[in-house]
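Please read the structure below before turning to the comments.
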Amino acid sequence: MHFIVYCIDKPGHAQVRADNRADHVEFLKSHRAQIVTAGPTLDDAGDGMTGSLLIVDFPDATAAEGFAANDPYARAGLFESVTIKPWKMVFAPE
């Protein structure tokens, strides 16, 4: 089942993001089979990262929540909020 994982960074935590980026990327690579797409959300100017948006494929919400909780960004306290919602793909890339 697909889930959206939408994370909003705490204000003033750009250094926390930078300090944990390498571990975060390795974590994503280790879950490549479950990730449909992923990337940072940006500020209005498109310059600064403000959060993360991932679409993941896990058997149930509990597994998706466990994945999100174990992300190095989450463990480092980067996120102000994390929202996980079921998602249905209607149009897929060709």
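The values are calculated or read from the model by the stated rules, or taken from the named source; none is laboratory data. Bear in mind that the values here come from a model prediction, so they are computed numbers and not experimental data. For neighbour counting, all protein chains shown are included, and Cβ atoms are generated from backbone atoms with ideal geometry for every residue, glycine included. Each accessible area value is taken on the protein alone, full model and side chains, heavy atoms only, with ligands, DNA and RNA left out. Shrake-Rupley method; radii C 1.70, N 1.55, O 1.52, S 1.80 Å.
Residues in region 1-27 that are of a type in the set (A, V, I, L, M, F, W, C), surrounded by 14 or more Cβ atoms within 10 Å (Cβ to Cβ) and over 19 Å from Lys85 (Cα atoms): Ala14, Val16, Phe27. Cβ-Cβ under 7 Å, sequence separation 6+ or interchain: first residue in region 3-32 and farther than 15 Å from Ala63 by Cα, partner in a loop (DSSP other than H, G, I, E, B) and of a type in the set (A, V, I, L, M). Which pairs? Listed by first residue and then by second, the contacts come to Asp9/Leu78; Lys10/Leu78; His13/Leu78; Val16/Ala76; Val16/Leu78; Arg17/Leu78; Asn20/Ala76; Asn20/Leu78. Within region 51-86, the set of residues being farther than 14 Å from Met1 by Cα, open to solvent by 50 Å² or more (accessible area, probe 1.4 Å) and either of a type in the set (Ser, Thr, Tyr) or assigned to a helix (DSSP H, G or I) (or both) comprises Ala69, Asn70, Arg75, Thr83. When restricted to residues that are out of contact with any Phe, Trp or Tyr (no Cβ under 7 Å at 6 or more places or on another chain) and either under 18 Å from Gly77 (Cα atoms) or assigned to a strand (DSSP E or B) (or both), region 23-47 contains 13. The set of residues from region 44-94 being basic (Lys, Arg) and under 20 Å from Ala18 (Cα atoms) comprises just one member, Arg75.
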